[in-house]
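Peer 1: Below you'll find the structure I mean.
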Amino acid sequence: MIAALVQGVLVGGTYALVACGLSLAFGVMRLVNIAHGDLAVCGAYLALVVATGLGVPVLAAVPLILPLAFGVGVVLQLVLFERALRGGVLAPVLVTFGLSVLIQNLLVTGASANPRSLDGGAFALAGFEAGGVAVSWLRVAGFAVAVVVLGSLHLVLARTGFGRRVRATADDLEAARLAGVRVRPVFAGVAGISVATAALAGVFQGLMSTFDPYAGGLILIFAFEAVVIGGLGSLWGTLGGGIVLGVTQQLVALWDVRFAVLAVHVLFFVVLVVRPVRP
Amino acid sequence: MLEVRKLSADHGQLRAVHELSLVLEPGQVHAVIGANGAGKSTLLRAIAGLHPPSSGSVLLDGEDITREPPEQRVTRGLCLVPEGRRLFSSLSVEENLLVGRHRAATGPWNLGKVYELFPWMRERRRQPATQLSGGEQQAVAIGRALVANPRMLLLDELSLGLSPKIVQQMYALMPRLLETGMAILLVEQDVSQAIRVASRLQCLLEGRTTLDGRPRDFTPAQIEAAYFGLREESE
């Protein structure tokens, strides 16, 4: 029981890590990115390619992957999302859905549909025991990274000029432009952060379990649920939402593993029914 | 100098502004008055770059800026204080000012000067902008534009939703802004306030100019007729 709680909290960190980028992109650009989960999966594949290609451990590949993913986010924003966002409410959903299908099929063609996993080396298998609960270092690291990333994001948004412009743009796009804010770099930066955090989360998912070209769908749904349960627009809320999801999943799995994922969706549904709008 | 030449702007099928022209020179207060829906706000939004005009042009110091985005006009010294204040609700008072400051032109205004103009603001600069009263929010909105050092300040419905006393305080500031060589283009429904400060008065009716000149050259009856479009009946 306690073991399940601990595991749930730790896994929840990774859910929050995927979700924060989704939340940020929606909060600032009103972009519902259906391809967000697939971009996370791309991060895992990228780690696989870089790590085997260079013969380095997966975690050593991360510093290379993050700027690359950031760049991908910027390019996607400038060539794809920006146009889609001009096309009304539905266009971004359709465009990112198309992107999602495209990514999945490219991955199947390039890497086959076989499930893969990332080899974290000895570190991934090591763990420690605390109060009778076996905890893996990898999960602890995943949670710690999630907290650090969310914390840094919070600081960037709260303390820097860029963060101020991001929040101003999210509050009122027109007023931000009237105050001299150039919206393009703001949006590009946010898209970059969004994709980079997704890729990072993808790497951790790949280390902890398996992934295949179609894994993005479930990742996306979990991310959506974490955002909605935690309340839109709040990074710490997103972390809370992720933890609630993780704990629910682990607790239900104690009883019957088959219902673990279903329970999460039911919880999400209940939250939507009971509290559809948050202040 | 700001020059608007035969500017037209549409809302869908509806023409909101009909070939309007105006000239704004440094140190001037140009007041545009008119009833609801006369096209005043659309005119200001088109000058600020938020509403693409369907024809005509906007010139700043002789340079055509008709197609420039609003954020670029800010760096040129053209700032709009939008109707309804539009403060950034998740930002503090000071952060609102800092956003306005970030691409500022060089000039006399900075955060310290704004705090001098509104002494209460320094103490409350850490408060969320939404916690302020309407009048205080309007002051922050003006401050947010001032810190960018505009040469042309566009004010849209300054008095909207504010008590007469606050409105008077706002208008009392204007001489201090004009001292620095700024020009003010003002849109108002509150005609009496506008007349008091304006060096030039332009009345709009359904997107067309019905009156244009120095306020003292018109009788209240003439202004009223132009405002409501009563020309035929009053003649």
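Derivation of every value follows stated rules applied to the coordinates shown; laboratory data play no part. Being a predicted model, the structure only gives us computed values, none of them experimental. All Cβ positions, glycine included, derive from the backbone under ideal geometry; neighbour counts span all protein chains shown.
Peer 1: Rounded, prolate or oblate: pick one for segment A:27-167, where a ≥ b ≥ c are the square roots of the eigenvalues of its C-alpha gyration tensor, a/c under 1.5 means rounded, and failing that, prolate if a/b is larger than b/c, else oblate.
Peer 2: oblate
Peer 1: Then there is this: Roughly speaking, what is the stretch gain from B:GLN169 to B:SER89, that is 0.36 nm per residue apart minus the C-alpha to C-alpha distance, in nm to one decimal?
Peer 2: 26.4 nm
Peer 1: Still on this structure: Provide the percentage of antiparallel DSSP beta bridges, counting only those with both residues in chain B; round to the nearest 5.
Peer 2: The answer is about 50 percent antiparallel.
Peer 1: For segment B:73-186, compute the orientation-averaged projected area of the C-alpha convex hull (one quarter of its surface), in nm².
Peer 2: 6.2
Peer 1: Same structure again: Based on Cα coordinates alone, diagonalise the gyration tensor for the protein assembly as shown, multiply each eigenvalue by 5, take square roots, and list the semi-axes in whole Å, largest first.
Peer 2: 55, 23, 20
Peer 1: Given the convex hull over the Cα atoms of chain B, what projected area results after averaging over all orientations, in nm²?
Peer 2: 12.7
Peer 1: Calculate the spin-label point distance for A:LEU5 paired with B:GLU206, positioning each point 7 Å from the Cα along the beta-carbon direction, and give it in nanometres.
Peer 2: 7.3
Peer 1: Something else about it: Could you give the angle, 0 to 90 degrees to the nearest 10, between helix A:137-159's Cα long axis and the longest principal axis of the Cα atoms of chain A?
Peer 2: In chain A, helix A:137-159 runs at an angle near 20 degrees to the longest axis.
Peer 1: Just to confirm my numbers, what's the Cα centroid distance between segment B:40-96 and segment A:73-148 in Å?
Peer 2: About 40 Å separates the Cα centre of segment B:40-96 from the one of segment A:73-148.
Peer 1: So if we plug the beta-carbon distance of B:HIS18 and B:GLN189 into 1/(1 + (r/R0)^6) with R0 = 30 Å, what FRET efficiency do we get, rounded to 0.05?
Peer 2: It comes to 0.95.
Peer 1: Same structure, new question: If you rank B:LYS165, B:LYS6, B:LYS40 by fewest surrounding Cβ atoms within 10 Å, what's the result?
Peer 2: The most exposed by this proxy come first: B:LYS165, B:LYS6, B:LYS40.
Peer 1: Per-residue mean of other chain beta-carbon atoms within 10 angstrom of the beta-carbon, peptide A:159-165?
Peer 2: 3
Peer 1: Along the charge dipole of segment A:1-132, Cβ charges K/R +1 and D/E -1, which of A:VAL79, A:GLY8, A:VAL41 sits furthest on the positive end?
Peer 2: Value computed over the given set: A:VAL79.
Peer 1: Under 8 Å for C-alpha pairs, at least 6 residues apart: give me the relative contact order for chain A, rounded to a whole percent.
Peer 2: Relative CO of chain A lands at 40 percent.
Peer 1: So what is the relative contact order of segment A:24-69, in percent, for Cα pairs below 8 Å that sit 6 or more residues apart?
Peer 2: Here the relative contact order equals 25 percent.
Peer 1: Now for a separate question. Taking the Cα centre of the protein assembly as shown as the origin, how large is its charge dipole in debye, to the nearest 20, when only Lys and Arg (+1) and Asp and Glu (-1) carry charge on their Cβ atoms?
Peer 2: That gives a dipole near 720 debye.
Peer 1: Report the normalised scattering of segment A:2-274 as log10 I(q)/I(0) at q = 0.09, 0.10 Å⁻¹, calculated by the Debye formula with identical scatterers on the alpha carbons.
Peer 2: -0.40, -0.50
Peer 1: Still on this model: Considering Cα pairs under 8 angstrom that are at least six residues apart, work out the relative contact order of chain B and quote it in whole percent.
Peer 2: In percent, rounded to a whole number, it is 28.
Peer 1: Follow-up. Quick one: dipole size for segment A:2-274, taken about the Cα centre, charges +1 on Lys/Arg Cβ and -1 on Asp/Glu Cβ, in debye to the nearest 20.
Peer 2: 720
Peer 1: Excluding residues on the same chain fewer than 8 positions from B:LYS40, give the lysines whose Cα lies under 25 Å from its Cα.
Peer 2: Filter leaves B:LYS6, B:LYS165.
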